[in-house]
1. Consider D27 against the criteria (1) farther than 21 Å from A203 by Cα; (2) within 21 Å of the chain's Cα centre (by Cα); (3) acidic (D, E): it satisfies all of them except one. Which criterion is unmet?
2. Hand me the list of strands (runs of 3 or more DSSP E) wholly inside region 1-120 holding 2 or more residues that are within 25 Å of R142 (Cβ to Cβ) and within 16 Å of ligand 2 (Cβ to nearest atom).
3. Looking at A130 and the list (1) more than 16 Å from ligand 2 (Cβ to nearest atom); (2) more than 21 Å from L101 (Cβ to Cβ), which single condition is not satisfied?
4. Of everything in region 184-204, what is open to solvent by less than 30 Å² (accessible area, probe 1.4 Å) and among the hydrophobic types (A, V, I, L, M, F, W, C)? Give them in sequence order.
5. Applying the selection to region 74-109, what residues are open to solvent by 70 Å² or more (accessible area, probe 1.4 Å) and among the hydroxyl-bearing types (S, T, Y)?
6. Where residues in region 153-170 are within 16 Å of ligand 2 (Cβ to nearest atom) and either of a type outside the set (S, T, Y) or assigned to a helix (DSSP H, G or I) (or both), which of them is most open to solvent (accessible area, probe 1.4 Å)?
7. What helices (runs of 4 or more DSSP H), lying completely within region 171-261, carry at least 3 residues that are closer than 27 Å to P29 by Cβ?
8. Testing T150 on (1) more than 16 Å from ligand 2 (Cβ to nearest atom); (2) under 19 Å from Q85 (Cβ atoms); (3) surrounded by fewer than 18 Cβ atoms within 10 Å (Cβ to Cβ); (4) of a type outside the set (A, V, I, L, M, F, W, C), one condition comes back false. Which one is that?
Amino acid sequence: MSNSAIAASGLRKAYGDKVVLDGIDLDVPAGTIFSLLGPNGAGKTTTVNVLSTLTKADGGSVRVAGHDVATEAKAVRAAIGVTGQFAAVDELLTGQENLQLMVDLNGVSAEDGKRTVTELLERFDLVEAAKKPASTYSGGMRRKLDLAMTLVGNPRIIFLDEPTTGLDPRSRRTMWSIIRDLVADGVTIFLTTQYLEEADQLADRIAVLDQGRLVAQGTPDELKRQTPGTHVRLRFTDVAQLDAATRLFPDSTPDHEALTLRVPSDGGTKSLRALLDRLDEYSLSAEEFSVHTPDLDDVFLALTGHATEVEAK
Ligand SMILES: Nc1ncnc2c1ncn2[C@@H]1O[C@H](COP(=O)(O)OP(=O)(O)OP(=O)(O)O)[C@@H](O)[C@H]1O
Ligand SMILES: [Mg+2]
C-alpha cells in the first residue's frame, strides 16, 4: 500500500437522504492513470471532491500522497492539483494573466514564474492566444488553460474531472497526449470520464461507477472481456432473410423485433468484406449495415443489466 498515490476505503457521502457515494474502495498506484467511468449523476464529481479535500465524506477513509484527507488536508492540498469539471479560468483575464495569477498564488519567484508561464503557454499551444482575454477562448482552449494553471505548482497527483467532455476529436487527442506526457513524467492521474474509449486509451485501471457504487474495476482489457466487443449490425427487411443470415453466422444474435442481426467482428476491412461476400453468396442483402464499437452503454448493460440512466432532474 505504500506505493499508493490515492487509497480510499468505504467512502460514503449523502446529501440529505440521497446517498451519492455508497461505499467506494479504490487504490491508485503512484505514476499510473486511474479512470472513474460513469454517466451523469453517478457520483464522479463527488468522488473527486472528497478525494481532493473539497468535500467532507460522511464515512470511510482516504489517503492521498500518504496523508489522511480528513486530518491532514493541508498536506494533501500541497501534493495535488485539481482541474474541475467546469473551468476555473477567470474570463476577464488573458491566458497569460490567468497563469501569472497561479504563479503568484503558489509563491513562485518572479524569475521562475516567468519561465513557468512561458513554458506552459508553449506546451499547451496557447502562445498566440496568450494576450487575449479568456472569454474569447474556445472550449478546448479554456480546458487547456485550466489544466496549464493546475500544473503551475508542479503537483505529483492530478485530478481531472471530465477533461474532454464537449471537446472536438482533435482537441480531445491533444488533451490525451498532454495527459500521457504528464504520466511519463511520473505524475499520477485520477480522471473521470463518460467515454469508454477515453478510459480505454488512457487508463491503467478503470472503475465503473453506477449510482454511487463501483460495479466493476480492472484493467481496460479485463473490463472489455466482460462486455460485448466490436460487432457488425445488419438490418433486414423481413424475418426470412434475418433467419437465413442467422444460420450463416454461427456466433450471431438475431433480434426479431428490430429485424437486426448482431455479428461479432473485429471491424477490420478484411473481415467486413468476407461478411458481405458471404451475404452476397446466399443472395441476402441487408438494408442497413453498421460497425459498432462498445461504448459506455454497452459496459453498463453488461455489468448492471440496465442502461445508463439519465437522471431525472
Ligand atoms: N451539493 C449537493 N447537494 C445535493 N446533491 C448533490 C450535491 N452535489 C451532488 N449532488 C447529487 O449527487 C449525485 C452525484 O452527483 P455528481 O456531481 O457527483 O455526479 P457526476 O457523476 O459528476 O455527474 P456528471 O457526469 O453530470 O458531472 C447527483 O444526484 C447530484 O444531484
Ligand atoms: Mg461531474
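1. (1)
2. Filter on region 1-120 gives 33-37, 80-83.
3. Condition (2) is where A130 drops out.
4. Narrowing region 184-204 to residues open to solvent by less than 30 Å² (accessible area, probe 1.4 Å): 187-193, 196, 198-199, 202-203.
Passing the criteria: V187, I189, F190, L191, L196, A199, L202, A203.
5. Result: no residue meets the conditions.
6. G166
7. Working: elements: 196-202, 220-225, 239-248.
Once the helices (runs of 4 or more DSSP H) in region 171-261 are filtered for at least 3 residues that are closer than 27 Å to P29 by Cβ, what remains is 196-202, 220-225.
8. The number of the failed condition is (3).
The values are calculated or read from the model by the stated rules, or taken from the named source; none is laboratory data. From a predicted model like this one, the values you see are computed outputs, not experimental measurements. Ideal geometry is used to build each Cβ from the backbone, glycine not excepted, and the neighbour counts take in all protein chains shown. Just so you know, the surface numbers come from the protein's heavy atoms only, side chains and all, with ligands and any DNA or RNA stripped out. Shrake-Rupley method; radii C 1.70, N 1.55, O 1.52, S 1.80 Å.
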